[in-house]
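Below you'll find the structure, written out as structure tokens, and then a few comments.
Derivation of every value follows stated rules applied to the coordinates shown; laboratory data play no part. Small disclaimer: the values here were computed from a predicted structure and weren't measured. FYI the Cβ positions are ideal-geometry reconstructions off the backbone, even for glycines, and counts take in every protein chain you see.
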Amino acid sequence: MPDFPKDLEAAILSLKKEMNAVILAHYYQDEEIQDIADFIGDSLELSRKAASTDADVIVFCGVKFMAEVAKILSPQKKVIIPDLQAGCSLEDACQPGPFKKFREAHPNHLALTYINCSADIKALSDIIVTSSSAEKIIAQIPKEQPIIFAPDKYLGGYLARKTGRDMLLWDGTCIVHEQFSEKELVKLKTRNPKALIIAHPECPEPLLKYAHFIGSTSALLNYTIEHAGKEFIVLTEPGILHQMKKKSPGSIFHDVPGTYGACASCNNCPYMKLNTLEKLYLCMKNSTPEITLPEPTRLAAKKSLDRMLEMTK
Ligand code: 13P
Ligand code: SF4
């Protein structure tokens, strides 16, 4: 067991100063990580922040594909992550070999790809989207242009219904959002009839049908701020409840249990939750694990990411 200082937060803040680092965190991180971060955001906001920071080191508290985006957009900076094993089921579901074949089978299609994928997949894509940028980007693509959407079939299905576009969908899912229990959701709504149901578009359609509002993590947070004082049932990873409660202390929030695997009630992202305050301290102290990418992959991935940033200015 490594030795940890008594005051971990103070040690992290002192390392941050020494390294001229910025700590970026996603809403699904542990509360104590969110509390020490310089910036918390959804995937699009975190990408923009990574591209614009003047820090020498980006400490990325999120999953690996998010830290890779920081490296792709800010190659001159060192990017470190508390746990390199923090992956994503959507990234796992879309491997470069099969994706390349899929593209070759549909040569006239534009590849619109969700940011939840590896740098290799970004390098094989035309435009990257996030849940907060996708609709704006699709609106700029000519109606006659056929589209393939990977890797999230539920987000893709939601976007196809919302925009009226016919899209060929890759068969990937988020293991957290696809496992929310409809039975528990209905029970919660029956017992709390005034509650507004808000959902992330990674949820399957049968769950989204109950939602009063659908959006990215930041959009969900903003909705609860705009409706402060009300009661909410939140269909996304419960890490975000920390910011919701902080911003609207007078509101009531319910998370929804999942039905995944052996655990009948867990709805936490097993990848996001690999990062801990202890691992954050160690990664800053040792400046590792570091995100590195082959330059040709980085440059090709940057093209599709830059298109997203340009189209959502
Ligand atoms: P957001 O871009 O909405 O934060 O989504 C990231 C994610 O991984 C959701 O599961
Ligand atoms: Fe990936 Fe789902 Fe975890 Fe988000 S919540 S990082 S989509 S596995």
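So what is the 222 nm mean residue ellipticity for the chain from helices alone, if each DSSP H run of at least 4 adds -39500 (n - 2.57) and you divide by all residues, rounding to the nearest 500 deg cm²/dmol?
Theoretical 222 nm ellipticity from helices: -11500 deg cm²/dmol.
Could you order the peptides 106-113, 285-292 from most to least packed, using the average number of other C-beta atoms within 10 Å per residue?
106-113, 285-292
If only Cα atoms are counted, what is the Rg of segment 1-47, and what is its Dmax, in Å?
12.1, 37
For the chain, calculate the relative contact order in percent as a whole number, restricting contacts to Cα pairs under 8 Å that are 6 or more residues apart. Walk me through the numbers on the way to the answer.
Values: 605 pairs, mean separation 71.9, N = 313.
Here the relative contact order equals 23 percent.
According to the square roots a ≥ b ≥ c of the eigenvalues of the Cα gyration tensor, what is the shape class of the chain, taking rounded for a/c under 1.5, prolate for a/b larger than b/c otherwise, and oblate for the remainder?
Values: a/c = 1.72, a/b = 1.05, b/c = 1.63.
Oblate.
Counting DSSP beta bridges in the chain, what percent are antiparallel, to the nearest 5?
5 percent
In nm, to one decimal, how far is the GLN140 label point from the GLU9 one, both placed 7 Å along Cα→Cβ?
That separation, rounded to one decimal, is 4.1 nm.
Is the C-alpha gyration tensor of segment 136-193 telling us rounded, prolate or oblate? Criteria: a/c under 1.5 is rounded; beyond that, a/b larger than b/c is prolate, otherwise oblate.
Prolate shape, in that a/c is at least 1.5 and a/b is the bigger ratio.
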